[in-house]
Amino acid sequence: MNKVIIVAEVGQNHNGSLETALKMVEAAKACDVDAVKFQRRYPSIAVPEYMKQQSKETPWGTMSYLEYRNRLELPLSAYGVIDSACKRIGLPWFSSVWDLPSLEDMKRFDMPYIKIPSACLTDHELIMAAKATGKPVILSTGMSTMSEIRQAAGLLNRSDVLCHCNSTYPCPNEALNLRCIATFKFLFRHLSIGYSGHEVGLAPTLAAVALGAVYVERHFTLDRSMWGTDQAASVEPGGFRRLVKDIRVIEQALGDGDKRVTPGELEAMRKLRRVNSSA
């Protein structure tokens, strides 16, 4: 990757509304992101059994957690509309996949990446099926031990991205542990290292880039006051525009690490240096 890939994670902040999803695509494009990301899952497969019948208060009334998760899912036909909209405005899109049927659904679209969410890091069958598509895989590592991460990372190769992540929504700053980015860069040298952030604010994401993350995703929303469990950890369009702008500044300022006298320093050298080097 030659530049930091910046992704606006729509996820399910559309609350099951295709109209809202399309508005979010347009808003993300205006933020100058590199791609927009959704989530695809079959709740009957992805939701743990003990969670399915738990009661959930929602804007649509009280229902089981399984009903709620189904309510948030866009129909497969909606992704065809999203695909057309993204092609029209020139914005790449892709999706997290939470299960094998969801991966099969998404394979029909020409996505630049396939995302495996933190919840599925231990699902090696899903990771291998994603790898079999030939698309680069992006894998998040929230709620995972180093042992689990090592096993999953061993299934990936140089075209893939391993993201440091904490799956608390929103994540307090003291739990972010951004130095894991350096740890991952050392341990998994065959992979690109990224960051999937769920914090409030922008500063930690900028720090992640300074620490070497070459892929960044943040949850995106039109309005943080909207209903939904991810909204509080999301960034509104104005904030996302600032995030993209500041990442590009940091990216430019980081340079290549080779110390040299720059053209702008030559005149200062002539005026200020009293003793010339003998080297």
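Some observations on this one:
- Of all the listed residues (GLU9, GLU26), the sole one being in a helix (DSSP H, G or I) and either within 22 Å of PRO101 (Cα to Cα) or within 23 Å of the chain's Cα centre (by Cα) (or both) is GLU26.
- Residue check for THR141: over 25 Å from SER17 (Cβ atoms), modelled with pLDDT of 95 or more and surrounded by fewer than 13 Cβ atoms within 10 Å (Cβ to Cβ): no
- Any hit, the stretch 244-254, residues being part of a loop (DSSP other than H, G, I, E, B) and among the hydrophobic types (A, V, I, L, M, F, W, C): no
- Residues of the stretch 167-192 satisfying the condition of being assigned to a loop (DSSP other than H, G, I, E, B), under 13 Å from ALA208 (Cα atoms) and not charged (D, E, K, R): LEU176, ASN177, LEU178
Here is a yes/no grid of residues against (1) farther than 25 Å from MET128 by Cα; (2) exposed (fewer than 15 other Cβ atoms within 10 Å of the Cβ):
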position: ALA46; (1), (2): no, no
position: SER55; (1), (2): yes, yes
position: TRP60; (1), (2): yes, yes
position: TYR65; (1), (2): yes, no
position: ARG88; (1), (2): yes, yes
position: PHE94; (1), (2): no, no
position: SER102; (1), (2): no, no
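- Residue match in the stretch 107-119 (condition: more than 20 Å from GLN39 (Cα to Cα), without any contact (Cβ under 8 Å) to a residue 24 or more places away in the chain and either of a type in the set (S, T, N, Q) or in a loop (DSSP other than H, G, I, E, B) (or both)): no
- Qualifying residue in the stretch 226-240 (condition: touching a residue at least 24 places away in the same chain (Cβ under 8 Å), β-branched (Val, Ile, Thr) and over 16 Å from HIS14 (Cβ atoms)): no
- Checked against the criterion of being in contact with a helix residue (DSSP H, G or I) (Cβ under 8 Å, 6 or more places away or on another chain), in a loop (DSSP other than H, G, I, E, B) and not basic (Lys, Arg), the candidates GLY134, GLY142 yield just one match: GLY142.
- Any hit, the stretch 87-106, residues being in contact with an Asp or Glu (Cβ under 6 Å, 6 or more places away or on another chain), over 18 Å from ALA8 (Cβ atoms) and at pLDDT 95 or above: no
- In the stretch 208-238, residue modelled with the lowest pLDDT [restricted to those that are in a helix (DSSP H, G or I) and surrounded by fewer than 17 Cβ atoms within 10 Å (Cβ to Cβ)]: ALA232
- Matching residues, the stretch 175-195, being touching a Gly at 6+ places or on another chain (Cβ under 7 Å) and either among the β-branched types (Val, Ile, Thr) or over 17 Å from LEU254 (Cα atoms) (or both): ILE181, ILE193
The values are calculated or read from the model by the stated rules, or taken from the named source; none is laboratory data. Everything quoted here is computed from the prediction, not taken from an experiment. Cβ sites come from the backbone with ideal geometry, for glycine too, and all protein chains shown count toward neighbours.
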